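Report on the structure given below.
The values are calculated or read from the model by the stated rules, or taken from the named source; none is laboratory data. Note that the structure is a prediction, hence the values are computed from the model and not measured. Methodologically, a virtual Cβ is constructed for each residue, glycine included, from the backbone with ideal geometry; neighbour enumeration extends over all protein chains shown. These accessible areas exclude ligands, DNA and RNA; they are computed on the full protein's heavy atoms, side chains included. Shrake-Rupley method; radii C 1.70, N 1.55, O 1.52, S 1.80 Å.
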Amino acid sequence: MTELDFESKKLKEVQQQYLELIIDCQKRIDIILKDYQDDPITQAALLEQFHIRLEQLKRTIESPFFGRIDFLPDEDLKNTICYIGKVGVMDHQGNPITVDWRAPISSLYYDSNIGRAQYLAPKGMITGDLKLKRQFDIQEGEIKSFQDVDTVSNDELLKPYLSTSADNRLKNIVATIQSEQNAIIRKGLYTNNIIQGTAGSGKTTVALHRASYLIYNEQKNFRENQFIVIGPNAYFMDYISSVLPDLDVHSVTETTFLNIVNDYLGEKIKIIDQNARLERILNGEKIDPYIAFKSSLKYKEALDLFVSHIEDSVIHGPITLRNVVLISEDEIRKFLGNHSVGILEKIKDFKKFAKQKIKENLDDFKHTYWLQYRDEFLGLAKDHPRRKEIIDDTSNFDQEITKNIDQILKEYFKNFNLKPLTLYRLFVENIDQYVDGDFEKLKRDTLKAIQTKTLGYEDLPALVYLNLLFNGYKGYDQYIHVIVDEAQDYGLFHFEVLKELFKNSTFSIFGDLAQSIYAYQSIHDWESVIHEIFNEKMELLKLEKSYRTTVEIMDAANLVSRCFGSTDAKAVLRHGNSVEAYQMDAHNTSDYVIKRIQDFLEQGFKSIAIICKDEEEVSMLSKMFQKNHIKHNTINSKNTKYDGGICLVSSYLAKGLEFDAVIIYDVDRYDANSELDMKLLYVAMTRALHQLDVTYQKELIYPLASLYKSSEVLQRKKN
């Protein structure tokens, strides 16, 4: 029997075991439906558990494992054979059929070569000899081939996966995790990390697998919904949402920063479209300097002064009834000053404290009230009717306090408005009191935005911060780990409010400074985040190798990234066609694009993108496609759905996406002297997996010109 025959037989055995477990799961679901009819809560919990397991088994039965390791531990000299899959499955006796990729021993598959190896288990470091490390290619329930790492290089192992189409790559991610990626995925829960990853380095892959890994290994300590993934926009979240169930993640919170703001504030706020603003900037609109100011910690410092001023106004003397001091001003100030964030929460806690304290001292208050009338009482004749009035009044004073205590406390705090927009308006109106500078334009524009409830992205940190200080955490302090993707687009103030809002969380922050296309409002380096936000309690890690593009595509993209001082990204040793340039004129544009799309389709490419600089160009090409009856999808601010095929997309909306083939339309429109333009071009070029074309009209911009000076293909096309 050959090794392939042996492994094929093993696959059939595992598939049969999975099938038996599927049948058993279905039977258990039927029993639960019958036996727990009178206990719907228990029934629902059990059904959810078995439905998730059933779905796991059905989803993975065709390809239950992707790797195998044979490990001989030093401690017992018994060879351990593990077939590693997306989920770990045990038989009815508790013996592993497949081992979960997140299990400690599975790290040998990702990190170790044949020979001496070790892995960290719950009981400590396990050392031994790794005898075999095998990777399988399973298609339609059959093993097509396998490769052993002692005979094939790592880049060779990756090639079969990286050469597939974009829609299949996500399905095979877990089998291709690399050692540097795995080290980040398996970082402990109680660490803060920034991951600077070049385009195509697998940032999102690592982010999602990190969520899956932490949930799996911390399931005894925390619930899955205590983990949260924050992405840049709704389209991007939709793009990755299908991956999480495949990673055995079902109830982690997936959201965007904008969604957090709307949910947290409890007010319906519209946000100025960042891409619409970017469009205007690309068309020559001057960037307002206050955009960066609002995203800075200097803006936060001004807000701190404002909040301090407001807090002082909360306390306006003692709480009294009929000139009797129930709670002194010093007591109020001391209580509110010693409690945590959230003035509303402080006031709520204070009211409980005050009610209890007042009730405990009713006799003293009654006596104090009596003292106000004692001299008058003693000076009156014994039969004077006023004496009875005083007795009745003072004897009922304690009952009056008890009856009116809630109203007394409510009345004390009645002028305190806690709505974030109202507070923000008050701050902006008086910003000159809290920071030096000329803020007339900021005032005018921001107050108008507040009036219409349509604010800029740069205003959001201030709103969240005010709401946090006045109204508290509202449940966001229950999260224990936050994963932020595309974080290069955040300002320091954005990071600060996330850190404050998720006060009990650690963070995994992923981004690429080379793709910071909103640099006018975002950070310029990671060091400032580490130093100013996390007080050095954070590690900067790097993913420098691109697994998306071919060497030829990445070499071309590096020419562009050098324009804004970025270091060259390294591509996995996967070669493809040269990056081609085509000189167009107004008469042959449609002919060329249509022909190239047809070429790509004939090559079997499933996803093809024509990337334009802006939406105006997208709209123009879309009309041309419609005229020529080319079925396509247009990705824009109003339509964010994409399920493969031919699509038109602007450079800034393409960020985070990938396609089998890309045509960059009219590269002449990118200014080589503009950092923003070069970052947009870099983003566009690094979307392509296998084939990249660049079109131009007059001359190639200088970063790319050197690629084609001796290009016979280009010369032939020119002639």
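Restricting to the stretch 340-361, count the residues that are touching a residue at least 60 places away in the same chain (Cβ under 8 Å) and closer than 16 Å to residue 407 by Cβ. Residues that pass the stated criteria total 1. Only residues that are surrounded by 15 or more Cβ atoms within 10 Å (Cβ to Cβ) and of a type in the set (A, V, I, L, M, F, W, C) were counted across the stretch 363-376, and they come to 2. Would you mind stating whether residue 461 is touching a Phe, Trp or Tyr at 6+ places or on another chain (Cβ under 7 Å) and surrounded by 12 or more Cβ atoms within 10 Å (Cβ to Cβ)? Here the answer is yes, as residue 461 does meet what is asked. For the stretch 647-657, the count of residues that are touching a residue at least 12 places away in the same chain (Cβ under 8 Å), assigned to a strand (DSSP E or B), over 29 Å from residue 699 (Cβ atoms) and among the small types (Gly, Ala, Ser) is zero.
Restricted to the stretch 174-202, and to residues there that are assigned to a helix (DSSP H, G or I) and open to solvent by 20 Å² or more (accessible area, probe 1.4 Å), the residue that is modelled with the lowest pLDDT is 176. Scanning the stretch 287-309 for residues that are at pLDDT below 90 and not polar (S, T, N, Q) turns up 287, 288, 289, 307, 309.
Condition check ((1) crowded, with 18+ Cβ neighbours inside 10 Å; (2) over 27 Å from the mean Cα position of the chain (by Cα); (3) of a type in the set (Gly, Ala, Ser); (4) not in a loop (DSSP other than H, G, I, E, B)) across all residues:
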site	(1), (2), (3), (4)
264	yes, no, no, yes
302	yes, yes, yes, yes
308	no, yes, yes, yes
317	no, yes, yes, no
347	yes, yes, no, yes
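Of all residues in the stretch 219-239, those satisfying the criterion of being open to solvent by less than 40 Å² (accessible area, probe 1.4 Å) and touching a residue at least 60 places away in the same chain (Cβ under 8 Å) are 226, 227, 228, 229, 230, 231, 235, 236. Among (1) over 26 Å from residue 224 (Cβ atoms); (2) in contact with a Phe, Trp or Tyr (Cβ under 6 Å, 6 or more places away or on another chain); (3) of a type in the set (Lys, Arg), there is one condition residue 78 misses while meeting the rest; what is its number? The one condition residue 78 does not meet is (2).
Every residue, every condition in (1) within 28 Å of the chain's Cα centre (by Cα); (2) modelled with pLDDT under 85; (3) crowded, with 19+ Cβ neighbours inside 10 Å; (4) farther than 30 Å from residue 276 by Cβ, yes or no:
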site: 564; (1), (2), (3), (4): yes, no, no, no
site: 568; (1), (2), (3), (4): yes, no, no, yes
site: 585; (1), (2), (3), (4): no, yes, no, yes
site: 605; (1), (2), (3), (4): no, no, yes, yes
site: 617; (1), (2), (3), (4): no, no, no, no
site: 632; (1), (2), (3), (4): no, no, no, no
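Just one of the numbered conditions (1) open to solvent by less than 30 Å² (accessible area, probe 1.4 Å); (2) among the aliphatic types (A, V, I, L, M); (3) closer than 29 Å to residue 703 by Cβ is not true of residue 530: (3). Which is surrounded by fewer than 18 Cβ atoms within 10 Å (Cβ to Cβ), farther than 18 Å from residue 456 by Cα and within 16 Å of the chain's Cα centre (by Cα), of 499, 542? That would be 499, the only listed residue that is surrounded by fewer than 18 Cβ atoms within 10 Å (Cβ to Cβ), farther than 18 Å from residue 456 by Cα and within 16 Å of the chain's Cα centre (by Cα). Listed by first and then second residue, the pairs with beta-carbon distance under 7 Å, at least 6 apart or on different chains, first residue in the stretch 466-488 and closer than 29 Å to residue 656 by Cα, second among the acidic types (Asp, Glu), are 488/512.
Give 494, 531, 575 a once-over and let me know the one that is at pLDDT 90 or above and closer than 25 Å to residue 657 by Cα. It is 494. Considering the stretch 502-527, the residues that are among the aromatic types (Phe, Trp, Tyr) and open to solvent by 10 Å² or more (accessible area, probe 1.4 Å) include one that is nearest to residue 194 (Cα to Cα), namely 518. With respect to the conditions (1) open to solvent by 80 Å² or more (accessible area, probe 1.4 Å); (2) in contact with an Asp or Glu (Cβ under 7 Å, 6 or more places away or on another chain), residue 444 falls short on a single one, namely (2).
The set of residues in the stretch 23-61 being open to solvent by less than 30 Å² (accessible area, probe 1.4 Å), of a type in the set (Val, Ile, Thr) and without any contact (Cβ under 8 Å) to a residue 40 or more places away in the chain consists of 29, 32. Kindly evaluate residue 371 against the criterion of being assigned to a helix (DSSP H, G or I) and at pLDDT below 80. Criteria not met by residue 371. Only helices (runs of 4 or more DSSP H) whose full extent lies in the stretch 525-631 are considered here, and the ones with at least 2 residues that are under 20 Å from residue 669 (Cα atoms) and out of contact with any helix residue (DSSP H, G or I) (no Cβ under 8 Å at 6 or more places or on another chain) are 615-627. For beta carbons closer than 9 Å, sequence separation of 6+ or different chains, a first residue in the stretch 699-710 that is assigned to a helix (DSSP H, G or I) and a second that is open to solvent by 100 Å² or more (accessible area, probe 1.4 Å) and at pLDDT 85 or above, the qualifying pairs are 703/562.
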